[in-house]
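Beneath this line is the structure, given in structure tokens, with notes to follow.
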Amino acid sequence: MSRIVRIVAFGLGLSGGVVASQGPEFAQQYRQRLGGAVDELRQVIGRFDRDAQVSGETRESAIARLRSNTDDFVSRQGAAMEANVERLGRLEAHRAAMMEAGSFSRIALMVRDGDTDILEAVSRDFEPAVPVTEEGLLSAAAGFIAVWGGLLLLSGFLRSLFRRRRRPQKSVQASRSGFPARTT
């Protein structure tokens, strides 16, 4: 293999390692935002519960009362609070699953079941970081090996294809010229 191919493969492999190392960092920033969203929703729902209790209502009866109100604005507030309660339940379950999951499982869990609003916010504000955790270093190594090895395999495959195409052409040219074909 030519030196240039190896140098390019190594450089792109390093780039692949850097990109792959950011997966655990993205997941960590996602978990922080997830925790913040859970904490904020708990406060909002807690205030609602206290207001409902002072008015002699339960959470469910207060939401039902708001939703059944003929005033569209008040009815929408009931629907919004009901959506907040449902979202809090989903986010708490997702957060618990994230906390119980292993290092690499957290990334898969985030990708598969992540909250789209939180994922979009993390994407918007993501700040890359140098991986110093075992998970980050292993991700960097896997990214490097995948890109570097993949490029070397691809270049070797392409070179073998070009060699096969050149050989028949040489023998055809040699038979036309009357000289035997050279083998390399």
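The table that follows gives values for the structure above.
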| item | result |
| --- | --- |
| L138-D39 pseudo-label distance in nm [points 7 Å out on the Cα-to-Cβ vector] | 2.9 nm |
| Bins of 10 Å from zero: percent of alpha-carbon pairs in the stretch 3-60 | 20, 20, 17, 15, 11, 9, 6, 2 |
| Positive minus negative residues near V38 (Lys, Arg vs Asp, Glu; Cβ under 11 Å) | +2 |
| Column: log10 I(q)/I(0), Debye, Cα scatterers of the stretch 1-130, q = 0.09, 0.13, 0.20, 0.22 Å⁻¹ | -0.43, -0.70, -1.07, -1.18 |
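Just so you know, all these numbers are worked out from the coordinates, no wet-lab data involved. Keep in mind it's a predicted model, so treat the numbers as computed, not measured. All Cβ positions, glycine included, derive from the backbone under ideal geometry; neighbour counts span all protein chains shown.
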